[in-house]
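Notes for the one structure printed next.
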Amino acid sequence: MRYVLFGWRNVELEVPDNWFLAVDGGGRNKGYFRLDDKLQPRLELTWEYVPFEKALTPEKLLEKHKENLEKNLKKARKKGMKVPEIKNILKKEIEIYGHPAILWVNRIEDSLNNIVVWYCEKSERAFILNMTFKLNEERESREVLSYIIKSIKCHYPEGYKILWSLFAASIRLPASFVLISVRLAVGLSYVVYKDPDEDIYLIIGYSGLAKQILSKYKNGLIDWFKKGVKKNAIDKIEKFGRIKYEKKQDEVEFFKKNLSFIPSKSPIIYGVIWINKDLNRVFTVSAITIFKKLEIAKNLVKDVRIQLSSVSK
């Protein structure tokens, strides 16, 4: 089996190369994401910020998880739903990136659920990892589980650039960038980050099947951007009127400065849109900030553009 490095919400791990990000939710203090393959959900990671002085041991975290699980089962029973029996298979102490952890394996009907709980004191987060396999995948599941557990990183040294795996690509951003919005869809996907230190937004959009999608728009890349990423993501941050678009072969560069009583603090947007014909994908990267930080915005867009352009088949 081939594994690839995957990063999301300040966690890195190596997973089978046919797993993909399917669901994301939460905010800065708690959240989750789920990886699926073409058959079913495979991995779900939930986390919650917990100050060090309030941290729970892995044993307490597991007890809390079981209590929540039992509450959900009781609610299902009250609604008249048929609730399958949970069979305990294994419980043992393990280690996740230097932290004590507990692995609990249970069986629900024909599914094997591998639950791992731990607390990372360096990032002050409590984690619950759940990997699901069918009974006939038991041998394979042991290999995958062992590989993923050994690969997990939940904290990083100061200055480390955080890995974000998106759109069949990967980029690295300073740790100060926070994910504030995400959409994962076949026709249009995008992510929005904010760096509160620099007060700058980073917006990245993507569509596969570029030729087919762009053929629906009279003005190609520009209309795709206006009716997709701009309408659904950018306009929710700042309304920009007539953006100036400059076409350059297979890409478009754009810029707009809004009016302000203090010119240096005028809201601006700068970005690029381009098509990768070899991969049949269309991308856009843009930054929103104030005018005096225009060069910071341009350098950020350039850096992310280079990273996304390095994607290969």
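Data overview
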item: Contacts under 6 angstrom Cβ, first residue in the stretch 9-22 being within 25 Å of residue 194 (Cβ to Cβ), partner modelled with pLDDT of 95 or more and of a type in the set (S, T, N, Q), 6 or more apart; result: 13/151
item: The stretch 197-238, residues that are assigned to a helix (DSSP H, G or I) and among the acidic types (Asp, Glu); result: 223, 235
item: Test set (1) in contact (Cβ under 8 Å) with a residue 40 or more places away in the chain; (2) surrounded by fewer than 19 Cβ atoms within 10 Å (Cβ to Cβ); (3) more than 16 Å from residue 179 (Cβ to Cβ) - residue 228 fails condition number; result: (2)
item: Only one of 257, 230 that is touching a helix residue (DSSP H, G or I) at 6+ places or on another chain (Cβ under 8 Å) and either in the same structural domain as residue 305 (by TED's automatic domain parsing) or at pLDDT below 95 (or both); result: 257
item: Candidates 52, 33 - the one that is on the phi < 0 side of the Ramachandran plot, modelled with pLDDT of 95 or more and surrounded by fewer than 16 Cβ atoms within 10 Å (Cβ to Cβ); result: 52
item: Every residue from the stretch 1-41 that is assigned to a loop (DSSP other than H, G, I, E, B), of a type outside the set (S, T, N, Q) and more than 17 Å from residue 152 (Cα to Cα); result: 1, 27, 28, 37, 38, 39
item: Elements of type strands (runs of 3 or more DSSP E) contained in the stretch 239-298, each with 2 or more residues being crowded, with 17+ Cβ neighbours inside 10 Å and on the phi < 0 side of the Ramachandran plot; result: 251-257, 267-276, 281-290
item: Matching entry among 194, 134 (being among the basic types (Lys, Arg), in the same structural domain as residue 231 (by TED's automatic domain parsing) and either more than 30 Å from residue 294 (Cβ to Cβ) or crowded, with 16+ Cβ neighbours inside 10 Å (or both)); result: 194
item: Residue in the stretch 299-313 that is modelled with the lowest pLDDT, counting only those that are surrounded by 14 or more Cβ atoms within 10 Å (Cβ to Cβ) and hydrophobic (A, V, I, L, M, F, W, C); result: 311
item: Filtered residue count, the stretch 231-255, keeping only those that are of a type in the set (Lys, Arg) and closer than 19 Å to residue 304 by Cβ; result: 1
item: Some residue of the stretch 165-183 being assigned to a strand (DSSP E or B), out of contact with any strand residue (DSSP E or B) (no Cβ under 6 Å at 6 or more places or on another chain), farther than 19 Å from residue 252 by Cβ and charged (D, E, K, R); result: no
item: Residue within the stretch 191-202 that is among the β-branched types (Val, Ile, Thr), farther than 19 Å from residue 267 by Cα and under 21 Å from the mean Cα position of the chain (by Cα) present; result: yes
item: Count - residues of the stretch 150-161 that are buried (at least 20 other Cβ atoms within 10 Å of the Cβ) and out of contact with any His (no Cβ under 8 Å at 6 or more places or on another chain); result: 1
item: Positions within the stretch 61-101 being of a type in the set (Asp, Glu), part of a strand (DSSP E or B) and surrounded by fewer than 11 Cβ atoms within 10 Å (Cβ to Cβ), in sequence order; result: 93
item: Only one of 296, 269, 273, 288 that is out of contact with any Phe, Trp or Tyr (no Cβ under 9 Å at 6 or more places or on another chain) and either over 23 Å from residue 176 (Cα atoms) or of a type in the set (A, V, I, L, M, F, W, C) (or both); result: 296
item: Odd one out for residue 55, checked against (1) in contact with a strand residue (DSSP E or B) (Cβ under 8 Å, 6 or more places away or on another chain); (2) within 25 Å of residue 146 (Cβ to Cβ); result: (2)
item: Flag if residue 204 is β-branched (Val, Ile, Thr), within 19 Å of residue 309 (Cβ to Cβ) and surrounded by 11 or more Cβ atoms within 10 Å (Cβ to Cβ); result: yes
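The values are calculated or read from the model by the stated rules, or taken from the named source; none is laboratory data. Keep in mind that what you see is a predicted model, and the values were worked out from it rather than measured. Note: ideal-geometry Cβ built from the backbone for every residue, glycine included; neighbour counts use all protein chains shown.
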